[in-house]
Protein chains: 2
Amino acid sequence: MEIIDVENLKTEYFDNENVRKVEKKVLMDPKKAPTFVMRKFILNPRGYILEHTHSWEHEIYVLKGKMLVGSRDGKQEVREGMFIFVEPNEPHSYENPFDEPCEFICVVPKEGER
Amino acid sequence: MEIIDVENLKTEYFDNENVRKVEKKVLMDPKKAPTFVMRKFILNPRGYILEHTHSWEHEIYVLKGKMLVGSRDGKQEVREGMFIFVEPNEPHSYENPFDEPCEFICVVPKEGER
């Protein structure tokens, strides 16, 4: 068993053309993960992750705040307590036009986190 | 893409010798899950899940409150914002001797959720 205070984990900060104002923590070491890896993200106000696609799925749980999630169905608002399933190979994007950070858990199969 | 307000999902309530005062929601349909399944649990005050073992791992994120997690290393207190990795085949238990419910996300490979 491993118990980790997520607060103490290293944060990767992304702020580029494609991924703006995003903080990421990898909760599970992908080298030790049997199947999947849990990560935690903060999408700060005015932050975004542009549309992208990959062969693996996401299961997302929104911990705090709200954001817009983009898909073929357009942009939908999600907020604390919501679950999102992004299918393998489904184009998706995230943006936070709101004034509070949006925090969420995002789980991927281990091949999705090198 | 699927977006679900977790509040609206069916709750299974467990209250037996082995699993006391536990609420469970399955966020991802195991029949549609490519790899893994996210679930949400509430371990109510004085609730517990007795020691058990299975061949699959858990990745757990504590959303609210605190609880004791039992393993070979004894009982350890975990609280909001903590991550727990339970290895495959590792005996583990949970109990909530506190006055507030403990809420947590628990992800398993899809074979762990029928």
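Observations on the structure shown:
- Of all the residues in the stretch B:1-17, those that are within 13 Å of chain A (Cβ to nearest Cβ), open to solvent by less than 80 Å² (accessible area, probe 1.4 Å) and either in contact with a Cys (Cβ under 7 Å, 6 or more places away or on another chain) or of a type outside the set (A, V, I, L, M) (or both) number 2.
- Filter result for A:PRO34 (open to solvent by 30 Å² or more (accessible area, probe 1.4 Å), under 26 Å from B:GLN76 (Cβ atoms) and either touching a residue at least 12 places away in the same chain (Cβ under 8 Å) or assigned to a loop (DSSP other than H, G, I, E, B) (or both)): yes
For every residue, the table says whether it meets (1) exposed (fewer than 14 other Cβ atoms within 10 Å of the Cβ); (2) more than 11 Å from chain B (Cβ to nearest Cβ); (3) in contact with a Phe, Trp or Tyr (Cβ under 6 Å, 6 or more places away or on another chain).
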site: A:GLY47; (1), (2), (3): no, yes, no
site: A:TRP56; (1), (2), (3): no, no, no
site: A:GLY65; (1), (2), (3): no, yes, no
site: A:ASP73; (1), (2), (3): yes, no, no
site: A:GLN76; (1), (2), (3): no, no, no
site: A:GLU80; (1), (2), (3): no, no, no
site: A:PHE83; (1), (2), (3): no, no, yes
site: A:GLU90; (1), (2), (3): no, no, no
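- So B:TYR61, is it open to solvent by less than 30 Å² (accessible area, probe 1.4 Å), within 13 Å of the chain's Cα centre (by Cα) and among the aromatic types (Phe, Trp, Tyr): yes
- Test: residue in the stretch B:97-108 that is outside any strand (DSSP E or B), of a type outside the set (S, T, N, Q) and either touching a helix residue (DSSP H, G or I) at 6+ places or on another chain (Cβ under 7 Å) or modelled with pLDDT under 95 (or both): no
- When residues in the stretch B:5-26 are screened for being under 12 Å from the mean Cα position of the chain (by Cα) and outside any strand (DSSP E or B), 0 of them pass.
The values are calculated or read from the model by the stated rules, or taken from the named source; none is laboratory data. In this text the structure is predicted, and so the values were computed from the model without any measurement. A quick note on method: Cβ atoms are made from the backbone with ideal geometry, for glycine too, and the neighbour counts reach across all protein chains shown. Quick note on the areas: whole protein, heavy atoms, side chains included, nothing else; ligands and nucleic acids left out. Shrake-Rupley method; radii C 1.70, N 1.55, O 1.52, S 1.80 Å.
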